Amino acid sequence: MVGRPGPPVRRAPARLFDPAGSAVPIRRRQVLLGGLAALAGTALARYGSAAASSANGPSGLLEVATGWTSGPEQNGLQAMLAALKGRAPDVTFVAGDSSAPSGTDLARRLADGLPPDSFRCCGGAELAEPADRLEPLDGPARARGWLAGLPAAVLPRLRVRGALYAVPAGVRRTNLLWTNPPLLAAAGAAGPPADPAALLARLRQAAGTVAAPLAVGGPTEVLQLAETVLLAAHGPDAFAALWQPGGPWGSPATTGALRTLDALLELAAPPAADADWTDAARLLGTGRAGFLLTGDWADTWLRDTLDLRPGTDYGWAAAPGTDGLFQSRLDAFALPREARHRPAALAWLDVCADLDGQIALNGARAAVPARTDLPGSARALFGPYARWSLDEWRTRRPVDSLTHGGLLPAGRRAAARAAAAAFTGHRDSTRLARDLAAL
């Protein structure tokens with residue numbers, strides 16, 4: 001399939017990569033961070049395999065659909081592309097559909113046989129949907145060392161029917177509780193709660209002095225709150241069984257968890273349909289909320305947008321009742337069978353798999369590399385939260401995320417989000433259980 005011509009792709013013109021990110025307005029500090037990340041991507045090439053020479057490396061275009069178009073994600077992509085340039089200097093990167101990993105444009109292009117050369121996916125159930133149109137990667141992975149340093153527990157999330165279909169570049173943690181320590185100390189509610197019941201008690205302590213004890217964004221954050229209480233009530237295995245046919249939606253554990261969800265929302269700022277996690281993070285960071293449940297993306301936002309000090313102005317812990325678990329979304333990349341620039345795509349997957357690419361990407365965005373064999377010197381490229389998360393990734397059990405990808409196919413995940421959105425209006429936990437059971 002290499003170099004096979006095809007009819008024009010029915011989409012907006014592809015956008016050549018702009019190293020300065022000039023199409024997206026970002027703050028000066030973020031520009032500096034992006035430049036440092038790109039420099040780190042070049043400097044860290046010594047951690048990975050040797051760079052390919054121009055004489056024997058791939059050349060031409062490489063279209064990758066990442067969805068990383070702004071902020072820390074774009075900075076991380078810039079850093080990865082610096083590493084790619086060291087390996088494949090004659091490859092020209094083209095940004096694919098911004099709707100990756102599960103947008104309709106990407107699905108249509110896969111169905112039409114005109115896919116990008118690689119695209120980001122979450123692994124797990126979301127990887128199973130397009131697997132028939134993807135190239136199995138077991139052979140290249142063995143030959144090129146793509147699985148080096150990966151925890152064994154991650155591999156099933158990259159396989160469909162036993163075959164490998166994706167290479168992880170990084171991991172986004174989702175089961176996190178963010179706090180405003182000065183505010184909570186003044187309210188007598190300091191310290192991370194051990195479980196949802198303890199969180200409820202802390203919220204009630206803070207209710208007299210804090211405008212909104214719990215910050216919640218829109219429907220996505222309500223769904224994350226729901227999966228947190230369900231995971232805490234059931235544990236990882238029974239939580240996964242909930243989403244299988246005949247899951248125990250009528251069990252006492254499920255009923256109690258969803259009642260806890262309703263009680264938590266009683267102590268939260270009312271979630272708005274058009275709000276998102278940044279609205280909730282602003283409440284936390286500006287002293288109008290004490291607690292926030294969201295993923296690791298909150299770290300760079302609180303630090304860089306609000307100029308807060310990690311560990312002083314804001315704190316973090318595993319979500320209540322989920323200590324010992326690392327619930328996460330994989331950022332992995334697949335290779336479509338009909339990719340038209342396969343050698344360049346393989347070079348891209350080399351960067352995704354290697355330490356240099358993973359450190360460059362995740363050091364820029366407070367996520368963690370999928371590999372656990374980082375040299376100690378590389379830890380200096382990560383901030384306080386991310387250094388804690390690196391240790392957690394090595395020692396905690398990985399679990400797929402419902403809200404952010406991996407546990408369910410994209411269509412069922414969207415239906416779960418709709419059920420959570422409806423719950424904010426009707427607040428009937430029995431109806432929510434019925435809606436989720438019907439996914």
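Positive-end ranking of S401, A152, A88 along the dipole of the chain, with charges on Cβ about the Cα centre, is headed by A88. A DSSP coil position with no more than 16 other Cβ atoms inside 10 Å describes the following trypsin sites (Lys or Arg not before Pro) in the stretch 349-439: R427. Taking a ≥ b ≥ c as the square roots of the Cα gyration tensor eigenvalues, the stretch 327-439 comes out oblate, since a/c reaches at least 1.5 and a/b does not exceed b/c.
Any chance you could check the Cα centroid distance between the stretch 389-439 and the stretch 298-327 for me, in angstrom? Cα centroid of the stretch 389-439 versus Cα centroid of the stretch 298-327: 21 Å apart. Candidates C352, L242, W297 compared by Cα position along the dipole of the chain: farthest toward the positive end lies C352, with charges placed on Cβ.
What does the highest-first list of 142-155, 218-231 look like by mean Cβ count within 10 Å?
218-231, 142-155
The 3J(HN,Hα) values that the Karplus relation (6.51, -1.76, 1.60; θ = phi - 60°) gives for the stretch 60-70 are, in residue order, x, 7, 9, 9, 10, 9, 10, x, 8, 10, 7 Hz. Gly and Pro appear as x.
Peptides 191-200, 116-125, 247-256 ranked from most to least packed by the mean count of surrounding Cβ atoms within 10 Å: 116-125, 191-200, 247-256. Could you give the angle, 0 to 90 degrees to the nearest 10, between helix 219-242's Cα long axis and the longest principal axis of the Cα atoms of the chain? It works out to around 90 degrees.
Arrange the peptides 62-72, 351-361, 287-297, 166-176 so that the one whose residues have, on average, the most other Cβ atoms within 10 Å appears first.
Per-residue mean Cβ counts within 10 Å order the peptides as 351-361, 166-176, 287-297, 62-72.
Calculated FRET efficiency, L155 and R434, Cβ-Cβ r, R0 45 Å, to nearest 0.05? Write out the running numbers ahead of the final one.
Numbers: r = 35 Å, r/R0 = 0.78.
For R0 = 45 Å, the calculated efficiency reads 0.80.
Values in this text are rule-based calculations from the coordinates and carry no lab data. The structure displayed is predicted, hence computed values, not measured ones. Reconstructed Cβ throughout: ideal geometry from the backbone, glycine too, with neighbour counts over all protein chains shown.
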